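Before any comments, here is the structure.
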Amino acid sequence: LKQKNLISRIEETTQKFVSENVIFKIRETSDYQHISSTKSLAFQNVYINSQQSSVINTIQSKVNCCNFSPCGKYIICCGDNKILEIFKLDDPSYHLLLEGHFDSVNYCCFSPDSSLILSASDDGCLKLWDIDDGSEIINLEGHEERVNKAVFSVDGQQILSCSDDSTIKLWEHGLTDPVITFLGHEGSVNSCEFSPTHEVCVSCSDDRTIRLWDTQSGEMLIKFELHQSFVYDCRFSRDGSFICSTSKDQTMRILNMNDGQDVGIIEGHHSAVRGCCFTLDSNFVISCSNDGSIRVWDLKTYNLVRRFDGHFGSVLSIALSPDGSVLASGSEDGTVILWTIDFPQKVEPEIEMEVEQVENEVINEKNIGVGVVVGFVIICILL
């Protein structure tokens, strides 16, 4: 009984320090059970690990990617269990499984009209799926090693993919073979993306470079050597003015597309930065890291303006909802969390503690200490 009371006190104390921005949490498990809820997945201010939270058991051991549909109705996630999972934000009972890959699924996304799903896998294949019934439409083979990412063009008529075979490939709608293979990287290509105008695309690699390519000719336009280690992600801003890259060297670099210049470096994470995305107005960039945190940065000052903590493992993927009000994050801890996004009228830097600094607050007659170290809540029981 004494032990149960102690555990209860720990849970209550931990709850006080979980981010209030969490509106929904999808918990992953190793089995295939799905628990339905009568509560809406989105738009409810709930806490993690409390009676008010809505939790759905899914089947991922870790979440490699999560994305919203452009129509705003669905969210999709994938992981090492070879299966893609789709949830409806306004219908908690909806749970569609897409099975067909023979290895881990690294990336998944929707077509611009939300009718198709694209996936990339360790099995070296890309697949297109029908959102209505979950059927596989086509299997695309062309890469010689694992495919790390695949994305649609803005008009949905082309697909861009990148692989550990050091190549990027361009695919045309209706064709089963790539029409262009972009050559030049000297290591695994981890991310690729079309520009908003579709005239160029960007890629990043374990060779520590970021490269811009002409999507018509396949010619490399420019190579940036900015990072000291593997480059994990690269993204265009919504207006195409900037590119953000993230790296194992714990930094992010911002490139100005108007003059092709490296305009800034963002530092603050305490481990590899795995992913990034821009806000709709391109005034902020959001990052996720192996340090378990998600951070929002002001692009004018490079100051940290928001920080979200709730995962208990590396955060591997982040995505913004179409209206920019909700952020989804997928983690190595096997969870997807949806966060509310808001920004201050007056941007001021958020105070952050270093690894060595621990702030303690004494609770319940000084017998429980709570410390926050690099985004993790640590409970110390003083016996």
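The values are calculated or read from the model by the stated rules, or taken from the named source; none is laboratory data. Being a predicted model, the structure only gives us computed values, none of them experimental. We place every Cβ from the backbone using ideal geometry, glycine too, and count neighbours over all the protein chains shown. Note: accessible area is taken over every heavy atom of the protein model, side chains too, but ligands, DNA and RNA are not part of it. Shrake-Rupley method; radii C 1.70, N 1.55, O 1.52, S 1.80 Å.
Data table
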{"read-out": "Binned Cα-Cα distance frequencies in the stretch 71-149 - 10 Å width, integer %", "value": "20, 54, 23, 3"}
{"read-out": "Restraint check, 73/223; 62/300; 62/169; 88/127; 223/300, Cα-Cα greater than 29 Å", "value": "73/223; 62/300"}
{"read-out": "Estimated distance in nm for a label pair at residue 305 and residue 280, the labels positioned 7 Å out from Cα along Cα-to-Cβ", "value": "1.5 nm"}
{"read-out": "14 Å beta-carbon shell around residue 171, net charge (K/R +1, D/E -1)", "value": "-1"}
{"read-out": "Heavy-atom SASA rank of 173, 95 (probe 1.4 Å, accessible area, largest first)", "value": "173, 95"}
{"read-out": "Protein accessible area in the stretch 156-250, 1.4 Å probe - carbon and sulfur %", "value": "43 percent"}
{"read-out": "Accessible heavy-atom area order of 208, 253, 274, highest first, probe of 1.4 Å", "value": "208, 274, 253"}
{"read-out": "Label point distance in nm, residue 145-residue 267, each placed 7 Å from Cα along Cα→Cβ", "value": "3.1 nm"}
{"read-out": "Surrounding net charge for residue 261, when Lys and Arg each add one and Asp and Glu each subtract one, Cβ distance under 15 Å", "value": "-1"}
{"read-out": "In Å², nearest 10: area of residue 339 left accessible to a 1.4 Å probe", "value": "0 Å²"}
{"read-out": "Over the stretch 145-302, equivalent-ellipsoid semi-axes from the Cα gyration tensor in Å", "value": "25, 17, 14"}
{"read-out": "Segment residue 323-residue 103, extension gain: residue separation times 0.36 nm, minus the distance between their alpha carbons", "value": "75.9 nm"}
{"read-out": "Local electrostatic count, residue 216, Cβ distance below 13 Å [Lys/Arg +1, Asp/Glu -1]", "value": "-4"}
